[in-house]
Amino acid sequence: TYGTSKVDVINRVFVLGLLATFIGLVGIGVPIVKGSNLLDYSDWSAVYPAGISIGILSFGAQNVVPTLLRYLDNDPMRTRQAILFGSLLPLLLYTIWEAVFLGIVDPANALDGKKMEVVSLLGQSGGTAVSDLVEIFSICAIGSSMAGASVSLVDFFQDAIRLVPSGEKDSESDRNCQSESVTSRLGNANSRVLAAALALGPPVILAYSFPDIFLVALEEAGLLGGVSLYGIIPALSIMFIRRSIALGDTGSKQRDLAMPGKLGLGDISLLLIVTISSGLILPEIIHLGKLFLH
């Protein structure tokens, strides 16, 4: 769509800035990396729940699939390639970033509970250039993340607006046109503005009300929210569609035929996804239940 293409151009600018500043920061940090900081200390307890939570949110691409598929002219192969390479590139960058920063920080400082001022350590080698690079890097990282997430969320709300009945209809044909009548009554531009307000308004208000909530939400929301939205709900939805097809629901059959590709092993794969996802979030649910009871 036109709006998505404009966001794509903006996002490419952010990504280019991200890569340029990333190369600069890594170039400054590599000479002062100590291999002993990476090899002599490990803490596997940090993997769960915080590590997995952040990882799920960092590499969860399901929310942008509908927007990406439409933007790529409903081409499933190009969409898969975009998701694959779009996930592998951040994984590579994150791995290098973590290796450099963890190689700079003395584990003893972390064990003593001191704040890890990685930027100040880099600043000793790079001077004021580091602070400028970090600031640009942060802006580009936030901007590129918001670009994709925002446009997909706006598209989601716009699709939801199309499903809202606009009024009472008597005939079957009128009922079938309800979803179109809402958009036509508001107009495409107005419906897009309404969708943007619904999608972006609450996060903006929340961010202004609680400026420090980002890191807390990042660690806590990945398991309960991310696993549910990216694991349990999609798997159960596909199982429901397949059951509808088996019962002879032609509408579900048409939707299934429009889906680009299927997961192998049928319901076994879906049940495994639900089981693993449930196993990840169950301890967190029990933990939250105990906190609530106390």
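The values are calculated or read from the model by the stated rules, or taken from the named source; none is laboratory data. On a predicted model such as this, the values are computed, not experimentally measured, just so you know. Quick reminder, even Gly has a Cβ in these numbers, built from the backbone with ideal geometry, and neighbours come from all protein chains shown. Just so you know, the surface numbers come from the protein's heavy atoms only, side chains and all, with ligands and any DNA or RNA stripped out. Shrake-Rupley method; radii C 1.70, N 1.55, O 1.52, S 1.80 Å.
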(request) Would you please give the FRET efficiency between Trp44 and Asn190, computed as 1/(1 + (r/R0)^6) with r the Cβ-Cβ distance and R0 = 41 Å, to the nearest 0.05? (result) 0.20
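Grab the Cα-Cα distance for Asp75 and Arg12, subtract it from 0.36 nm times how many residues apart they are, and report the gain in nm with one decimal. All intermediate terms of the calculation are to be shown ahead of the outcome.
Working: separation 63, 0.36 × 63 = 22.68 nm, distance 2.09 nm.
Gain in length upon complete extension: 20.6 nm.
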(message) If I model a spin label at Leu91 and Ala129 as a point 7 Å from the Cα along the Cα→Cβ vector, what separation in nanometres do I get?
(response) 3.3
(request) Compare Arg192, Arg80, Arg12 by solvent-accessible area with a 1.4 Å probe and give them largest first, with all protein chains kept in place. (result) Arg12, Arg80, Arg192
(message) Tell me the carbon and sulfur percent of the accessible area for the range 1-64, rounded to whole percent, probe radius 1.4 Å.
(response) 71
(message) Per 0.36 nm of contour for each residue apart, how much would the distance between Leu272 and Leu84 grow if the chain were fully extended, relative to their Cα-Cα spacing?
(response) 65.5 nm
(request) Run the quick spin-label model on Leu247 and Ile52: label points 7 Å from Cα toward the beta carbon, then report their separation in nm to one decimal. (result) 3.3
(request) Measure off 7 Å from each Cα along the Cα-to-Cβ vector at Ala160 and Ile213, then give the distance between these two points in nanometres to one decimal. (result) 1.6
